[in-house]
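Beneath this line is the structure, given in structure tokens, with notes to follow.
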Amino acid sequence: MAKIFLDGKPVEVAEGTTVFKAAQQAGIAIPHFCYHPAFVPEGSCRLCLVEIEGSPKLELSCSTVVREGMKVSTQSPTVREARRGVLEFILAEHPLDCPICDKAGECKLQDYYQDYGLTESVFREFKEKREKKVRIGDKLILDRERCVLCTRCVRFLAEITKTHELGLFERGIHAEIGGYENEPVRNGYSGNLVDLCPVGAITDTDFRFKTRPWFLTKGESICPLCSRGCNIYIDYHPGFPRVPGSAKVYRIRPRTNDAVNGPWICDHGRYGFIDLQQKNRCQTLVWNKGERTAEWSWDKVLITIGERVKALRENGKTNRISLILTTWLTNEELFLIKKIFKDGLGVRNVFFADPAPGPEDGFLLRSERTPNRRGAREMGFDLKAPDLNALVPDTDILFIFGPHFAGISHDGAWKPALEKIPVKILVTSHLNELASTADFVLPAAFLAEKNGTLTNADGRVQKIAAIARACFDIRPESQILLDLAREIRLDDSYFGALSAPEAVHHELVKEIPFFGALP
Amino acid sequence: MLKALGYFVELLRGIWITTRHFVVNMWFHTLNLFGIKTKRKGAVTIQYPEQKKDLAARHRSLHRLMKREDGKPRCVACMLCVTVCPSECIVIEATEDPDPEIQKYPSTFVIDLNRCCFCGFCVEACPEDAIRMDTAKIDLAQTSHDALIFGLDKLLK
């Protein structure tokens, strides 16, 4: 351990720590553009300068290693003057188009100008004119005027993805970021460049111009597109009063968690999530019978379904109920299904229909493309795919959770097979051909709209929260299941106490301690 | 009894005020008729809407969007008016402009006059002087809510 003095405050840090990291541990923020914890320090932005006693010039805190007894001053007048000078040079070439810049509001340059600059520029020269819309990837657009040449993007592509698509070309005032032979940035992690860019130089077409960052509410959640369980922020806008459907999720950003995803997420999750959240959503409660499609109230539908189940139960034929589940369901919902159907009604025909596994990329993206297969396995479910031959003859009532059953198809053989089952109940957040076959379609919440926990492939139980307000007439599956349990009068005292997903989680941990390790 | 007397007193007071206004105004109008200049003028009723008073130079009326020289809206869709609007009545959707010199333009710009409180903050917030409230249109009453939702076509007129 080395003892150093930061602004006169004694701080103990490990040997080999840089001054920047030591200050960070002591809670002192040092401005920086090029430094990023995931990369080797570059020292090109010259903004993290600090004054070290005994050193003739200001030193870069990001690459200077601490020495015993070092006296560092991060806010002395000399340091502030130097930082102001650096900022003035950066701003001499910066277009200052903040009102139309997507980064405005969360831009580091804006923040540092507030902290250190607030000066009139002494430059009387015209600013260099550069290209403002350079397409450097399928979804990425580079604005060379805004770029501060921190080279974070270059180093991300060199050190993390190792694909080296971008580089720094030319020198001095002509220096600019560009691709070799104009090859586009095409790897599964290109979206991270947008988060890495400290200014608004790299933007992605998905978020570009859609809204301004200060309108968005940030919520912590888990990416549901593979079993890695990357930690994400969901940026949500509650919408405008007179524009129906304007409430929506605008973007997904990584939430740093070194145990799971570090500071990155893949493009599959980043761009796939928003499509899932918005497209093909099941919005209305429907009861199909022949030609007539009537919209019913939730209570009426649940009473009707409850009566059908109760009738089977009175005849002692509850084993003629079958389930097709999905691992889009949270731990709590799977637990409720286990309690109601497996333990309560003695259902044996339980199948899982999940999206087809995709290729693994060796970094974050895993081949299992649902978030909670591990959770279902730990719960004691056997994750077998639907077997139509076993399913059809033994089933009077079929509950289908999630839309994936149609996807695994059996070449469309599911359709005539389902016709033979008297009652089909579909609980889904998304619509597909299944909805036309089912007798009841219950619109369910998507993962950004409900509370609960998910278990990733490494057995890490992580929380998701209802961030986006459900704009349609939808209910979370846990509520549907509890209402159903009440309708069929299944152990009222037990299910009556489980009103919220938190209470269900508590009960789940009591029964299966594996789920107790909530980080 | 006392209450009835009170009514009577107030009635007389009312008649007195009306008579006073009539006599005073008539007096100044008569003087004016004979060409005698007085400092005070007699009160005049303006026959609105046939007759309209001039609006002050800094009045706030129906919004309009300004155009560039080539006829495109001057608005750059920065959404600062949306941000500042206290009644959340402005909705803007920005779109990439094909012109490489212009970043974005508003593909929809909706002002919901049902909600608008005519505070004029949008005009003050606009960095491009793209929105103004100087059309002098103040008779905006409509028979339906939908007729009060103004889109780009109406605002650019």
I want to confirm something. Restricting to region A:140-156 and keeping residues that are surrounded by fewer than 22 Cβ atoms within 10 Å (Cβ to Cβ) and within 13 Å of chain B (Cβ to nearest Cβ), which single residue is farthest from the chain's Cα centre (by Cα)? A:E145
Only one of A:E183, A:E165, A:E170 is surrounded by fewer than 17 Cβ atoms within 10 Å (Cβ to Cβ) and either touching a residue at least 12 places away in the same chain (Cβ under 8 Å) or hydrophobic (A, V, I, L, M, F, W, C) (or both), namely A:E183
Of all residues in region A:429-455, how many are touching a Ser or Thr at 6+ places or on another chain (Cβ under 6 Å) and part of a loop (DSSP other than H, G, I, E, B)? 1
Residue hits (region A:9-53; without any contact (Cβ under 8 Å) to a residue 12 or more places away in the chain and either of a type in the set (F, W, Y) or out of contact with any strand residue (DSSP E or B) (no Cβ under 8 Å at 6 or more places or on another chain) (or both)) are A:Q24, A:G27, A:A29
Are any residues in region B:131-149 among the hydroxyl-bearing types (S, T, Y) and either more than 24 Å from B:K52 (Cα to Cα) or within 14 Å of chain A (Cβ to nearest Cβ) (or both), and if so, which ones? B:S144
Selection from region B:118-130 of residues within 14 Å of chain A (Cβ to nearest Cβ) and part of a loop (DSSP other than H, G, I, E, B) yields B:C126, B:P127, B:E128, B:D129, B:A130
Of the residues B:V82, B:V110, which is part of a helix (DSSP H, G or I), out of contact with any helix residue (DSSP H, G or I) (no Cβ under 7 Å at 6 or more places or on another chain), within 9 Å of another protein chain (Cβ to nearest Cβ) and closer than 23 Å to A:P99 by Cα? B:V82
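Would you say A:R67 is away from chain B (no Cβ under 14 Å) and in a loop (DSSP other than H, G, I, E, B)?
Working: away from chain B (no Cβ under 14 Å): yes; in a loop (DSSP other than H, G, I, E, B): yes.
Taking the combined requirement at face value, the residue satisfies it.
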Being over 25 Å from the mean Cα position of the chain (by Cα) and touching a residue at least 24 places away in the same chain (Cβ under 8 Å) is the filter; apply it to region B:62-77 and report the residue that is nearest to the other protein chains (Cβ to nearest Cβ). B:V76
Residue in region A:460-469 that is out of contact with any Gly (no Cβ under 9 Å at 6 or more places or on another chain) and in contact (Cβ under 8 Å) with a residue 60 or more places away in the chain present: no
For region B:14-46: of the residues being of a type in the set (S, T, N, Q) and modelled with pLDDT of 90 or more, which is farthest from B:T135 (Cα to Cα)? B:T19
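Determine which member of the set A:R292, A:R251 is modelled with pLDDT of 90 or more and not assigned by TED's automatic domain parsing to the domain that holds A:A104. Give the steps one after another, and end with the answer.
Numbers: A:R292 fails: modelled with pLDDT of 90 or more.
Sole residue among the options that is modelled with pLDDT of 90 or more and not assigned by TED's automatic domain parsing to the domain that holds A:A104: A:R251.
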Residues being farther than 13 Å from A:L193 by Cβ and over 25 Å from the mean Cα position of the chain (by Cα): count how many of those fall in region A:157-173. 8
Give all pairs with beta carbons closer than 9 Å in which a residue from region B:116-145 that is free of Cβ contacts under 8 Å to residues at least 12 places away in the same chain meets a residue that is in a loop (DSSP other than H, G, I, E, B); count only pairs at least 6 apart in sequence or on separate chains. B:Q142/B:L113
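Any residue at all in region A:476-498 that is part of a strand (DSSP E or B) and either crowded, with 23+ Cβ neighbours inside 10 Å or acidic (D, E) (or both)?
Quick first cut of region A:476-498, residues part of a strand (DSSP E or B) only: none.
Checked against the condition, which is being part of a strand (DSSP E or B) and either crowded, with 23+ Cβ neighbours inside 10 Å or acidic (D, E) (or both), region A:476-498 yields no hits at all.
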Any idea which of B:M79, B:M26, B:M66 is at positive phi and not β-branched (V, I, T)? B:M79
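Would you call A:I4 within 30 Å of B:A77 (Cβ to Cβ) and of a type in the set (V, I, T)?
Working: within 30 Å of B:A77 (Cβ to Cβ): no; of a type in the set (V, I, T): yes.
So A:I4 fails the test.
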Over region A:236-271, the set of residues assigned to a loop (DSSP other than H, G, I, E, B), surrounded by 15 or more Cβ atoms within 10 Å (Cβ to Cβ) and within 14 Å of another protein chain (Cβ to nearest Cβ) is A:G239, A:F240, A:R242, A:S246, A:A247
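Of the residues that sit in region A:179-217 and are assigned to a helix (DSSP H, G or I) and more than 14 Å from chain B (Cβ to nearest Cβ), which one is nearest to A:I265 (Cα to Cα)? Give the steps one after another, and end with the answer.
Taking region A:179-217 first, the residues assigned to a helix (DSSP H, G or I) are A:180-182, A:192-196, A:213-215.
Now restrict to residues that are more than 14 Å from chain B (Cβ to nearest Cβ): A:180-182, A:192-196.
Working: A:Y180: 25, A:E181: 27, A:N182: 25, A:N192: 7, A:L193: 11, A:V194: 12, A:D195: 10, A:L196: 12 Å.
Among those that are assigned to a helix (DSSP H, G or I) and more than 14 Å from chain B (Cβ to nearest Cβ), it is A:N192.
The values are calculated or read from the model by the stated rules, or taken from the named source; none is laboratory data. The model shown is predicted, which means the values in this text are computed figures rather than measured ones. For neighbour counting, all protein chains shown are included, and Cβ atoms are generated from backbone atoms with ideal geometry for every residue, glycine included.
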